[in-house]
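Participant: Pasting in a structure now, in structure tokens, and then I'll have a few things to ask.
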Amino acid sequence: MGPDEPRPSTAPRFMLKPATSARGFVDGAWWPRSTNPVVEFTSLLTALTATSGPMTRLGYNLTAWETAPRKVRVNGRQVRLEGFHGLDQRTVSLTDSSGHRMVLLLIPAEMSELRGNAVLAKASEKDGVASPHDLLADDPKATEDSPEARWENDGGHVLTVR
């Protein structure tokens, strides 16, 4: 890296919907740089403390991340890290001290800069209600037509009554 080249920012890349937004599948998006939970979770939690207040819990999918400790210390406070197999791999869930829960779309670290920035913006639109599947679809025009179709593609099936 030359002296005139900009250094990559180490600040977490995330965007939240405005507080007055309609509730949808996600409350915003986060684009980590790796799957290292200690580095990435601590960075996100530190940034969220400055914008949204301290968090007490962070839920994540166990298969989407490397091994994580049960707790991390952020600004002198302990935050519980809770890994689940059943949590959507495309999201993380955060809880603040009042019990308010926030779900962030998890943008894959390897996504291109152009596409990642577009997904960040789309996921944090004021009245956006798109699902994680739809937000991360390779071709935004190729999203399914109905929640039932999305459910079937995620492993469910519609019972046909005859």
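Participant: Test residue 67 against the criterion of being touching a residue at least 24 places away in the same chain (Cβ under 8 Å) and assigned to a helix (DSSP H, G or I), and give yes or no. Before the answer, list the steps.
Facilitator: On the way: touching a residue at least 24 places away in the same chain (Cβ under 8 Å): yes; assigned to a helix (DSSP H, G or I): no.
The answer is no for residue 67.
Participant: Give the residues of segment 84-101 that are over 20 Å from residue 33 (Cβ atoms) and surrounded by fewer than 18 Cβ atoms within 10 Å (Cβ to Cβ), sorted by residue number.
Facilitator: 84, 85, 86, 95, 96, 97, 98, 99, 100, 101
Participant: In addition: Testing residue 61 on (1) touching a residue at least 12 places away in the same chain (Cβ under 8 Å); (2) surrounded by fewer than 16 Cβ atoms within 10 Å (Cβ to Cβ); (3) closer than 25 Å to residue 116 by Cα, one condition comes back false. Which one is that?
Facilitator: For residue 61, the exception is condition (2).
Participant: Only one residue in 80, 73 is of a type in the set (Lys, Arg), exposed (fewer than 12 other Cβ atoms within 10 Å of the Cβ), at pLDDT 95 or above and farther than 26 Å from residue 20 by Cβ. Which one?
Facilitator: On the way: 80 fails: exposed (fewer than 12 other Cβ atoms within 10 Å of the Cβ).
Checking each option against the conditions leaves just 73.
Participant: Restricting the search to segment 27-45, which residues are assigned to a loop (DSSP other than H, G, I, E, B) and under 12 Å from the mean Cα position of the chain (by Cα)? Steps first, please.
Facilitator: Keep residues of segment 27-45 that are assigned to a loop (DSSP other than H, G, I, E, B), which gives 27, 32-36.
Once the filter is applied, which keeps residues that are assigned to a loop (DSSP other than H, G, I, E, B) and under 12 Å from the mean Cα position of the chain (by Cα), segment 27-45 yields 27, 32.
Participant: If you scan segment 48-58, which residues turn out to be within 15 Å of residue 103 (Cβ to Cβ) and either without any contact (Cβ under 8 Å) to a residue 24 or more places away in the chain or outside any helix (DSSP H, G or I) (or both)? I'd like the intermediate steps shown before the answer.
Facilitator: In the first step, residues of segment 48-58 are kept if they are within 15 Å of residue 103 (Cβ to Cβ); the result is 48, 52, 55, 57-58.
If the condition is that a residue be within 15 Å of residue 103 (Cβ to Cβ) and either without any contact (Cβ under 8 Å) to a residue 24 or more places away in the chain or outside any helix (DSSP H, G or I) (or both), then 55, 57, 58 are the ones that fit.
Participant: Taking segment 79-97, which residues are farther than 10 Å from residue 64 by Cβ and not in a loop (DSSP other than H, G, I, E, B)?
Facilitator: Within segment 79-97, 79, 80, 81, 82, 84, 93, 94, 95, 96 qualify.
The values are calculated or read from the model by the stated rules, or taken from the named source; none is laboratory data. For clarity, every value in this text was computed on a predicted model and none was experimentally measured. Positions of Cβ are backbone-derived with ideal geometry, glycine not excepted, and every protein chain shown enters the neighbour counts.
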